[in-house]
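See structure below.
The values are calculated or read from the model by the stated rules, or taken from the named source; none is laboratory data. The structure presented is a predicted model; accordingly, all values stated were derived computationally and were not measured. Reconstructed Cβ throughout: ideal geometry from the backbone, glycine too, with neighbour counts over all protein chains shown.
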Amino acid sequence: MMIEVLPDEHRRYRSVDFNNLKFGKLFSDHMLEMHYKDGAWGEPMIKPYGTIEIHPSMHALHYGQAIFEGMKAYYINEHTISVFRPHAHFERLTHSCRRMCMPEIPESVFLNGIEQLMKLDYRWVPKTFGHALYIRPLMVASQEYIAAVESNEYKFFIMTSPVAAYYDSGFQPVKLTTSENFVRAVSGGTGATKAAGNYGGSFLPAKRAKERGFTQVLWLDAKEGKYVEEVGTMNIFFKIGDTLVTPDLDGAILPGVIRRSVIQIAKDWGVDVQERPISIDEVIAEYDRGNLMEVFGSGTAAVIAPVGLIDHKKKELRFDMENIGPFAKKMYQEITGIQYGKMEDRHGWNKNVSVGDS
Ligand SMILES: *Cc1c(COP(=O)(O)O)cnc(C)c1O
């Protein structure tokens, strides 16, 4: 791997106000870049973060061959940064490459690239609990070619961005509404792929939901508008009595790494976990019966997001709008505890990177 290190006096980390971070607006000093051409990936390069040159005919801009990943690195101590489940993110990226007809990334480039970036930019990992360094791998079709067939040139990047705690003033339960006119994804499509195009189409329904006072859309399946799929860009869990239910991966649902982690931890605790289709009517019926104890979303950004309200065709399900439920809270504490090295990492999810002068 070629590494071009920015001279210390040109690094920007000293001027960063780590107490006022806005998600996704600030990027660390270095990035990884690698090019695919003539049927092979070139050598990965780490270099100062900066602009890239593109032509208006760049394939991805027209036809959407663009995929990404998102994970976080956490400050453990001055010698250690911990990345949460990078291998699971690599597996999902590989799945996305296959679905979108894009070349796979060598595992060593992905994992070593992240490690080298952490070693170079560890000062960008915020130290406050809840804060983290967001890691964003991205692959785009880069050929100058506007024909609707797959590109034969690609660029792969890994950039990193310091982010604040999702909850700066306590948990704020989210308010959800179903959409009558729009769907996110359909099984057989690209819903299970972290593909850029999935998001472009979700902004209008999300905006409409916000205008009506809701935080996010509770997505229902595209075929019947009957089964619950996801919430915004999170997976969803229902605690019905003592059972934890989450929609099974039907090809339209994005297989979240936090989703997998929640299922594993719940099973470790001896909870009955069911991955199966769950209809919005079943959710409402369990609510009316008083069996729906908690609803929460899961994803890298928030880890666990309690749901305070579900609106569906004028029916409203109301939960505690002030507090997170006990199960969601315990899950949040367990996962963040593992991420910050404060709880036992039973499944070897953390990849610790030694940083600093040692
Ligand atoms: C990224 C994402 C998730 C959550 O995945 P995690 O790996 O848990 O962060 C869920 N749904 C959608 C649509 C996503 O893009």
Name the residues in region 34-68 that are among the charged types (D, E, K, R) and either touching a helix residue (DSSP H, G or I) at 6+ places or on another chain (Cβ under 6 Å) or under 21 Å from M100 (Cβ atoms) (or both), would you? K37, D38
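To keep it simple, each residue is scored yes or no on (1) away from the ligand (no atom under 16 Å from the Cβ); (2) without any contact (Cβ under 8 Å) to a residue 40 or more places away in the chain; (3) surrounded by 22 or more Cβ atoms within 10 Å (Cβ to Cβ); (4) closer than 28 Å to L32 by Cα.
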site	(1), (2), (3), (4)
S151	yes, no, yes, yes
Y154	yes, no, yes, yes
A164	yes, no, no, yes
F171	yes, no, no, no
L176	no, no, yes, no
S179	no, no, no, no
F182	no, yes, no, no
V186	no, no, no, no
T190	no, no, no, yes
For region 216-243, pairs from a residue that is among the basic types (K, R) to a residue that is at pLDDT 95 or above, with Cβ under 6 Å and 6 or more apart or across chains, are K226/S279; K239/M293; K239/E294; K239/F327
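Based on this model, can you work out whether G113 counts as at pLDDT below 95 and either assigned to a helix (DSSP H, G or I) or within 16 Å of the chain's Cα centre (by Cα) (or both)?
Values: at pLDDT below 95: no; either assigned to a helix (DSSP H, G or I) or within 16 Å of the chain's Cα centre (by Cα) (or both): yes.
Taking the combined requirement at face value, the residue does not satisfy it.
For the subset of region 35-86 comprising residues that are within 16 Å of the ligand (Cβ to nearest atom) and in a loop (DSSP other than H, G, I, E, B), which member is surrounded by the fewest Cβ atoms within 10 Å (Cβ to Cβ)?
Checked region 35-86; the qualifying residue surrounded by the fewest Cβ atoms within 10 Å (Cβ to Cβ) is G64.
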Residue identified as among the small types (G, A, S), within 16 Å of the ligand (Cβ to nearest atom) and over 22 Å from Q172 (Cα atoms) among A285, A266: A266
Please give the number of the condition T177 fails out of (1) over 30 Å from D320 (Cβ atoms); (2) touching a helix residue (DSSP H, G or I) at 6+ places or on another chain (Cβ under 8 Å). (1)
Which one is nearest to L120 (Cα to Cα) among residues in region 1-17 that are over 27 Å from the mean Cα position of the chain (by Cα) and assigned to a helix (DSSP H, G or I)? D8
Quick check, is P126 part of a loop (DSSP other than H, G, I, E, B), in contact (Cβ under 8 Å) with a residue 60 or more places away in the chain and within 14 Å of Y75 (Cβ to Cβ)? yes
G225 being outside the structural domain of E91 (by TED's automatic domain parsing), surrounded by fewer than 20 Cβ atoms within 10 Å (Cβ to Cβ), within 14 Å of the ligand (Cβ to nearest atom) and not hydroxyl-bearing (S, T, Y): no
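Could you tell me which of the residues A132, A141, A66 is in contact with a Ser or Thr (Cβ under 7 Å, 6 or more places away or on another chain) and in contact (Cβ under 8 Å) with a residue 40 or more places away in the chain? Spell out how you get there, then give the answer.
On the way: A132 fails: in contact with a Ser or Thr (Cβ under 7 Å, 6 or more places away or on another chain); A66 fails: in contact with a Ser or Thr (Cβ under 7 Å, 6 or more places away or on another chain).
Being in contact with a Ser or Thr (Cβ under 7 Å, 6 or more places away or on another chain) and in contact (Cβ under 8 Å) with a residue 40 or more places away in the chain holds for just one of A132, A141, A66, which is A141.
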